[in-house]
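The values are calculated or read from the model by the stated rules, or taken from the named source; none is laboratory data. These figures come from a predicted structure and were not determined experimentally. Note that each Cβ is placed from the backbone with ideal geometry, even for glycine, and that neighbours are counted across all protein chains shown.
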Amino acid sequence: MADEPAESYEAVVVGGGAAGLTGALMLARSRRSVAVIDAGAPRNAPADGVHGLLGREGMPPGELLARGRAEVRGYGGHVVPGEVTGVAREPADGARDGAAGEGEGGFVVTLAGGRTVRARRLLVTTGLVDELPAVPGVRERWGRDVLHCPYCHGWEVRDQAIGVLATGPMALHQALLFRQLSADVTYFAHTTEPPAGEDAEQLDALGVRVVTGEVAGLEIAADRLTGVRLADGTVVPRQALAVAPRMVARSGLLTALGLTPVAHPSGMGEHVPADATGRTDVPGVWVAGNVTDMTAQVHAASSAGAMAGAQINADLAAEDARRAVAARRVGV
């Protein structure tokens, strides 16, 4: 089922994941006209289930999103399949059909194919891209037995032979967390310096084996990870491999509005900064989910979307009041 987009909305949500759909749900329940533009490429699509989400534990990601789309539509919101190719500020004097407030410009959202819709407010929930190490087999097994989050996938690999592929400082943190889940953890230094000092002492005390040497690829048999192959030909048997990818916000469409991603303080990648409600430095634009909070799981992304949706509704309500007062003063 797909909705035909209207010419204008009070809010347009770019991205149809947990953050975007929850934000749209809050707006629709507040009787705001809202459309979700969804490119249909969720980050967690390879995963078998969503974990840590109370009441929906283990639900397939596709089913969760399908339920979310139905809930948004149930309150009059639109969910439009498509890719947003551009966003531009519409000058106040070009506002029409309620697409912008009194003295304030709205936005023109351009979809692939050239169609445009107007919006008074934008909520961008486009997520992020995982930049994986160029090790043969890693991308192919990503989200299955190559994973990154112990809270998303850890229980499913408990007591297995787990490897940690070092690509940066997060690898040591991963090793400690996955050691909680299995007594058999191997740290592959790969192209990084092996742990030293206190870090090395901690891994040794926990029984985490450290393997030096570059990782050349993964061994796969019967559609399962069976080992990690080093450049010298040595194969270390493993059933799961933890990787910390570099995470980069999908934020290209925001550049035209003056929003660019910045380095995250953790060093894990780039995000679009915003305040605690998702409000950005660009008036009328909010962000939620992984585009701004790189470590947010589904429940946190959904919560952020709810907050942003509520704040957008409040911002619109304040603008509606200003417009009503202005109209009354001129006798309209």
- Item | Exclusive hit being of a type in the set (Lys, Arg), touching a strand residue (DSSP E or B) at 6+ places or on another chain (Cβ under 7 Å) and modelled with pLDDT of 95 or more, set Arg89, Arg29, Arg73 | Arg73
- Of all residues in the range 234-280, which are outside any strand (DSSP E or B), modelled with pLDDT under 95, surrounded by fewer than 18 Cβ atoms within 10 Å (Cβ to Cβ) and not hydroxyl-bearing (Ser, Thr, Tyr)? Gly252, Ala256, Gly258, Pro265, Gly267
- Task: Could you please let me know if Thr260 is within 30 Å of the chain's Cα centre (by Cα) and of a type outside the set (A, V, I, L, M, F, W, C)?
- Result: yes
- Item | Check on Gly113, on the phi > 0 side of the Ramachandran plot and out of contact with any Ser or Thr (no Cβ under 9 Å at 6 or more places or on another chain) | no
- Item | Odd one out for Gln174, checked against (1) in contact with a His (Cβ under 9 Å, 6 or more places away or on another chain); (2) at pLDDT below 95 | (2)
- Note on the structure: Checking Gly40, Gly76 in turn, the sole residue that is touching a residue at least 24 places away in the same chain (Cβ under 8 Å), assigned to a loop (DSSP other than H, G, I, E, B) and in contact with a Gly (Cβ under 8 Å, 6 or more places away or on another chain) turns out to be Gly40
- Query: Filter the range 1-37 for residues that are touching a Leu at 6+ places or on another chain (Cβ under 9 Å) and assigned to a helix (DSSP H, G or I); which is farthest from Ala304 (Cα to Cα)?
  - Reply: Leu27
- Note on the structure: Subset of the range 215-228, residues in contact with a strand residue (DSSP E or B) (Cβ under 7 Å, 6 or more places away or on another chain) and surrounded by fewer than 18 Cβ atoms within 10 Å (Cβ to Cβ), comes to Ala216, Gly217, Glu219, Ile220, Thr226
- Could you give every pair whose Cβ atoms fall below 7 Å, whose first residue belongs to the range 197-209 and is under 11 Å from Tyr187 (Cβ atoms), and whose second residue is assigned to a helix (DSSP H, G or I), counting only separations of at least 6 or pairs across chains? Asp199/Leu172; Leu203/Ala175; Leu206/Arg179; Val208/Ala175; Val208/Arg179
- Item | From the options Gly68, Gly77, Gly49, Gly40, residue that is at positive phi and either surrounded by fewer than 17 Cβ atoms within 10 Å (Cβ to Cβ) or assigned by TED's automatic domain parsing to the domain that holds Val109 (or both) | Gly40
